[in-house]
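Nothing in this text is a laboratory measurement; each read-out follows from the coordinates by a stated rule. Computed from a prediction, not measured in an experiment: that's the story for all the values here. Neighbour counts are summed over all protein chains in view; Cβ atoms, including those assigned to glycine, are modelled from backbone coordinates with ideal geometry.
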């Protein structure tokens, strides 16, 4: 699975749970190393999404992502798609999907697969953060994207 789709699926689910004002969901991923949990989206603090990270000789420069409807980056596009799909202009939020996480994950994957990411600014992340292998309970601060194949999301679990 391409890194932009991994990031987009995670961000779409985060956006959905915030829209529903409910506990976050964690994705269990099928990877070449086994079942794993990780954070694909990089944050500064709790809420500021980092779009680009660039290191020079003296410091790390982090460029924040905007999530406005007219933005031209992955996060803006995904947020708009989630709102369009799960919160109709004159209707209720599709909160019932929290009772059917299998359908929610399927819908989110369908939404993400319908987006042509080549038209938008992408995060330049090199790693998955807070990587945890579920079978062995091994934890790593990060795993480099080049060292692993993420096959896809397997299931959702509540973080509460």
Q) Which value in nm describes the separation of the simple spin-label points at residue 113 and residue 64, placed 7 Å from the Cα toward the beta carbon? A) 3.5 nm
Q. What is the calculated FRET efficiency for residue 44 to residue 103, with r their C-beta to C-beta distance and R₀ = 30 Å, to the nearest 0.05?
A. 0.35
Q: For residue 157 paired with residue 145, estimate the spin-label separation in nm (one decimal), with each label point 7 Å from Cα along the Cα-to-Cβ line.
A: 2.6 nm
**Q.** Residues in the stretch 122-160 reached by a label modelled at residue 35 [backbone nitrogen below 16 Å; 7 Å Cα→Cβ]
**A.** 132-139, 151-159
**Q.** Expected 222 nm ellipticity per residue - DSSP helices of 4 or more, -39500 (n - 2.57), all of the chain, to 500
**A.** -8500 deg cm²/dmol
Q. Taking Cα centroids, how far is the stretch 51-76 from the stretch 84-107 in Å?
A. 28 Å
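With 10 angstrom as the radius, rank 13, 19 by how many other C-beta atoms surround their C-beta, starting from the fewest. Display every interim value, and only then the final one.
On the way: 13 22, 19 16.
Final ranking by Cβ density, sparse to dense: 19, 13.
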Q. Order of 120, 38, 75 from fewest to most other C-beta atoms within 10 Å?
A. 120, 38, 75
Q.
Between residue 124 and residue 85, how high is the FRET efficiency from 1/(1 + (r/R0)^6) when r is the Cβ-Cβ distance and R₀ = 22 Å? Nearest 0.05.
A. 0.25
